[in-house]
Structure formats: C-alpha cells, structure tokens
Amino acid sequence: MSNVLFVSGASSDTGTALIKRIADDYDNVLCHYRSRPEKIDELQTKFGEKIIRLEADLSDESQTIQLSNVVSGYGVTHFVHLPAVAIRPERFAKQPWGKFMDEMNVSVRSAVILSGKLLPAMAKAKFGRVVFMLTSYTVAEPPPKFMVPYTTSKYALLGLMKSLAAEYAGKGVAINGVSPGMMDTFFLEGTSHLIVEKNAEESPIKRNLVPEDVIGAFEFLLSKQAACITGQNLAVTAGA
C-alpha cells in the first residue's frame, strides 16, 4: 500500500517544517495552500514530483468541497489538518458573529468536509492516521482572554476529533490532536509583540515554541507505533 500524506494548510510554518521532516516517508505529499505559494515552491524544489500542490480557499464552501473531491482520488493514508485564521486578540464585545463564522469555516467546516471524504476510505482500507492542530488553550484553565472566536473554534475541532475517534475506533483509523503552546510563526502577525514577549517570559524555557518543537508530536501520531492511540489531545507546552 502506498503512503500518501495530505496536509491542509501546508504553506504554514508548521506545515512546511513537518513536510520537510517526513516527506521522505511518503510516496506522495498533497500540499493544500491558500496563500504563501512560495512555501510550496520550496517544497517542490526539495522533494520534486512527490509534492502535489492544491490551492483552495477554505472559507469558501464550494472550494472546500472541490478540494475534498480531488484529494479523495489519491488514496490518502495520512491526513494532517492545520488551517486557522490568524490570531488577532480583541475583546468579546468587539467580535462580530462573522468573526466566529470565519474561524469555524476555515478550521472546523473544512475538517468536517475533508474528513467526510477521507475517513470512510481509510476505514475500508483498515488503515489511516489523522491529526488535527488544536491549541494549548483547550487544556489551559482558564483559557486566555480576548481570544474567544479562536478558542471556540478549537474546542469545536476538539469535539469533532474525539467524536470521530470514537466512531472509527477498531477500524484501523487513529484520530488525534496536537495542542501546542504559542509558537513564533507567521500565524502571530496580528498579535501584539507585547503579548508574544510576555508569553515567552512566562514560559519555563523562557521562549516561545517554534515548529521544530512541535512536529515530533505529529510525526509520532502519524506513525505505525501510534496505532492504539486515538482520541487523544497531546499538549506540547514545555511545561507551561
């Protein structure tokens, strides 16, 4: 059986770091992106024809459905779901419902549509690995202030992950989540540098995480060794 990895949000810093680490283990790597096409160019330069680029705007339902139809034809065995709207902290009273919908569409609706195409095929093949990018905010008590739409969407994604894991348990399909602490990535472009610096100062390691700190968790959960681990939310927080 061919190993085919599909990464939604592949042009993110975490996505490109993960693919660089594990692409050699796969026959093909399907790389979804909406922006930053130069990141996919870089992957194609490094890995050649095994990188298959797929452009789609996940805020658009029709484009998401079209993407799901395309990827379902590749025999995907491993699926990593990374998309989210860039964080822009703001008080709840100033967050319109549209902001919640943006977060839910990009992160959760896309996961529902893509999983709906991929999981039945994985179950039929009796093998599959799925990992959702969550956030340490789903394990922090209490979660941080001023992040209500983002945190809400991630809790919804957590619920989806756990529900799918329960439904597909015993069918060879392991479905898990990784919940990292704050990472220094392009994703934080809308976050005040004061918030980023404060988080680093309060971390036990006195810095924010970087993708290389986190991708090992994805690599393990995608591996054969993780066959009996499903429905788990693995926090990567350096002890915070």
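Here is a yes/no grid of residues against (1) touching a His at 6+ places or on another chain (Cβ under 8 Å); (2) under 25 Å from HIS32 (Cα atoms); (3) modelled with pLDDT of 95 or more; (4) small (Gly, Ala, Ser):
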| site | (1), (2), (3), (4) |
| --- | --- |
| GLY116 | no, yes, yes, yes |
| ALA123 | no, yes, yes, yes |
| LEU134 | no, yes, yes, no |
| GLU141 | no, no, no, no |
| TYR150 | no, yes, no, no |
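Of the set (1) modelled with pLDDT of 95 or more; (2) touching a Leu at 6+ places or on another chain (Cβ under 8 Å), all apply to ALA86 but (1). Restricting attention to region 89-106, does a residue exist that is hydrophobic (A, V, I, L, M, F, W, C), over 20 Å from GLY172 (Cβ atoms) and touching a Leu at 6+ places or on another chain (Cβ under 8 Å)? The answer is yes; a qualifying residue exists. When LEU160 is tested against (1) in contact (Cβ under 8 Å) with a residue 60 or more places away in the chain; (2) touching a Phe, Trp or Tyr at 6+ places or on another chain (Cβ under 8 Å), exactly one condition is not met: (1). LEU188 - would you say it is in contact with a Gly (Cβ under 9 Å, 6 or more places away or on another chain) and either buried (at least 16 other Cβ atoms within 10 Å of the Cβ) or under 25 Å from PRO89 (Cβ atoms) (or both)? No: the conditions fail for LEU188.
Residues that are of a type in the set (A, V, I, L, M) and part of a loop (DSSP other than H, G, I, E, B) were ranked within region 207-240; the one that is nearest to the chain's Cα centre (by Cα) is LEU222.
The single condition among (1) under 14 Å from THR77 (Cβ atoms); (2) touching a residue at least 24 places away in the same chain (Cβ under 8 Å); (3) surrounded by fewer than 20 Cβ atoms within 10 Å (Cβ to Cβ) that ASP25 does not meet is (2). Does SER59 fit the bill of being under 16 Å from the mean Cα position of the chain (by Cα) and touching a residue at least 40 places away in the same chain (Cβ under 8 Å)? Taking the combined requirement at face value, the residue satisfies it. For beta carbons closer than 9 Å, sequence separation of 6+ or different chains, a first residue in region 88-99 that is free of Cβ contacts under 8 Å to residues at least 24 places away in the same chain and more than 19 Å from LEU188 (Cβ to Cβ) and a second that is among the small types (Gly, Ala, Ser) and surrounded by 14 or more Cβ atoms within 10 Å (Cβ to Cβ), there are no qualifying pairs.
Determine whether region 195-209 contains at least one residue that is in contact (Cβ under 8 Å) with a residue 40 or more places away in the chain and not aliphatic (A, V, I, L, M). Within region 195-209, not a single residue is in contact (Cβ under 8 Å) with a residue 40 or more places away in the chain and not aliphatic (A, V, I, L, M). A single member of VAL76, VAL80, VAL7, VAL70 is buried (at least 20 other Cβ atoms within 10 Å of the Cβ) and more than 26 Å from THR191 (Cβ to Cβ), and it is VAL76. Looking only at region 37-65, residues that are closer than 18 Å to SER12 by Cβ and part of a loop (DSSP other than H, G, I, E, B) come to 4 in all. Do we have VAL236 as at pLDDT 80 or above, surrounded by fewer than 16 Cβ atoms within 10 Å (Cβ to Cβ) and within 21 Å of LEU18 (Cβ to Cβ) here? Criteria not met by VAL236.
The values are calculated or read from the model by the stated rules, or taken from the named source; none is laboratory data. On a predicted model such as this, the values are computed, not experimentally measured, just so you know. So basically every Cβ, Gly included, is an ideal-geometry build from the backbone, and we count neighbours across all protein chains shown.
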